[in-house]
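Notes follow the structure.
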Amino acid sequence: MKKILITGKNSYVGQSLKRWLSYYPNGYSVDMISVRDDIWKEKDFTDYDVVFHVAAMVHKKEKPEMEGLYFNVNRDLPIEVAKKAKSAGVEQFIFMSTMAIYGEEGKVEQKVLITKETRPNPKSFYGKSKLEAEYELDKLSDDSFKLVILRPPMIYGPACPGNYAKLHTLAVKLPIFPLIDNYRSMLNIEKLCSYIKEYIDLKVEGIFFPQDDDYVSTSQLVKKIAEENGKKIYLSKLMGRLIKLFSKRIKLINKVFGNLIYEK
């Protein structure tokens, strides 16, 4: 039986993975701990095969005075957890990073493709702190301490926070939404959990770019959310054309309707 410790008790991904692995009661034992204070430092890691670090500062409007906090939580903390895990003999450390390390937000009617050769160029505190954590964690990796770095795109699923939650709110409240054909790499939470289970089972190491099999259109995703909630929403081509006219001036439009994909 694999013993897994998830560091980040309030994480949506962590809670989802624990629930997912509970369907295999004979294969996995999963514990979750909070790392918001120093109590976690007293936790004995020696019984665990895998530590999955998901605690992070995210989904907040960044202000200059928050830079130190972002780096403390997203860089320094995972490094400290990883060092403790390695000294305890943990075999595999999985770090939840982000697509944001590339600094891309997509562009309307332009293809933005990220490949394995694309160089990271983060623009936000969130992206910069995650990338620096990746660099430092890589220094700890060796044959006895396998490092897995996940760089997922936007994650979606029931009760998912962040940008998906905002789309969900729009889908259930608006009677009409712009129709714009775009392509986004996204990742269903259940598919992510399935990927993580596979990474654990195979004892892999390296950088991974999990995503859904098919690219997703923002407009079609909103329509699907509305239908799942018993709502009707009309996708307007006219509204879509009007929105496109302002895409070069308004950053938010590109963030919502821009093309941004991982290479398959």
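The values are calculated or read from the model by the stated rules, or taken from the named source; none is laboratory data. Since the model is a prediction, treat every value here as computed from it, not as a measurement. Note: ideal-geometry Cβ built from the backbone for every residue, glycine included; neighbour counts use all protein chains shown.
Report every pair of residues separated by at least 6 positions or lying on different chains whose Cβ atoms are under 9 Å apart, first residue within the stretch 104-116 and closer than 22 Å to Gly206 by Cβ and modelled with pLDDT of 90 or more, second buried (at least 17 other Cβ atoms within 10 Å of the Cβ) and acidic (Asp, Glu). Correct list of pairs: Ile114/Glu104. Do we have Tyr183 as touching a residue at least 40 places away in the same chain (Cβ under 8 Å), crowded, with 20+ Cβ neighbours inside 10 Å and aromatic (Phe, Trp, Tyr) here? It is false that Tyr183 is touching a residue at least 40 places away in the same chain (Cβ under 8 Å), crowded, with 20+ Cβ neighbours inside 10 Å and aromatic (Phe, Trp, Tyr).
For the stretch 56-83, a residue qualifies if it is more than 18 Å from Leu147 (Cα to Cα), assigned to a helix (DSSP H, G or I) and not acidic (Asp, Glu), and the qualifying residues are Pro64, Met66, Gly68, Leu69, Tyr70, Phe71, Asn72, Val73.
One residue stands out among those in the stretch 38-55 that are in contact with a Lys or Arg (Cβ under 9 Å, 6 or more places away or on another chain) and not in a strand (DSSP E or B): the one that is surrounded by the fewest Cβ atoms within 10 Å (Cβ to Cβ), which is Lys41. Within the stretch 74-84, one or more residues are over 25 Å from Lys203 (Cβ atoms), modelled with pLDDT of 95 or more and more than 14 Å from the chain's Cα centre (by Cα).
When you scan the stretch 41-55, do you find a residue that is touching a Pro at 6+ places or on another chain (Cβ under 9 Å) and touching a residue at least 12 places away in the same chain (Cβ under 8 Å), even just one? First the steps, then the outcome.
If we filter the stretch 41-55 for residues that are touching a Pro at 6+ places or on another chain (Cβ under 9 Å), which is where we start, we get 53, 55.
From the residues that got through so far, the ones that are touching a residue at least 12 places away in the same chain (Cβ under 8 Å) too are 53, 55.
Checked the stretch 41-55: at least one residue is touching a Pro at 6+ places or on another chain (Cβ under 9 Å) and touching a residue at least 12 places away in the same chain (Cβ under 8 Å).
Only a single item in (1) buried (at least 21 other Cβ atoms within 10 Å of the Cβ); (2) part of a loop (DSSP other than H, G, I, E, B) is not met by Lys116, and it is number (1). Being surrounded by fewer than 19 Cβ atoms within 10 Å (Cβ to Cβ), assigned to a loop (DSSP other than H, G, I, E, B) and charged (D, E, K, R) is true of Lys248.
Filtering the stretch 16-37 to residues that are part of a loop (DSSP other than H, G, I, E, B) and aromatic (Phe, Trp, Tyr) leaves Tyr23, Tyr24.
Being free of Cβ contacts under 8 Å to residues at least 40 places away in the same chain, closer than 30 Å to Val81 by Cα, among the polar types (S, T, N, Q) and surrounded by 15 or more Cβ atoms within 10 Å (Cβ to Cβ): is that true of Asn121 here? Spelling it out, it is not the case that Asn121 is free of Cβ contacts under 8 Å to residues at least 40 places away in the same chain, closer than 30 Å to Val81 by Cα, among the polar types (S, T, N, Q) and surrounded by 15 or more Cβ atoms within 10 Å (Cβ to Cβ).
Scanning the stretch 202-244 for residues that are part of a loop (DSSP other than H, G, I, E, B), among the small types (Gly, Ala, Ser) and surrounded by fewer than 17 Cβ atoms within 10 Å (Cβ to Cβ) yields a single hit, Gly230.
For the stretch 124-171, a residue qualifies if it is crowded, with 21+ Cβ neighbours inside 10 Å, among the aliphatic types (A, V, I, L, M) and part of a helix (DSSP H, G or I), and the qualifying residues are Leu131, Ala133, Leu137.
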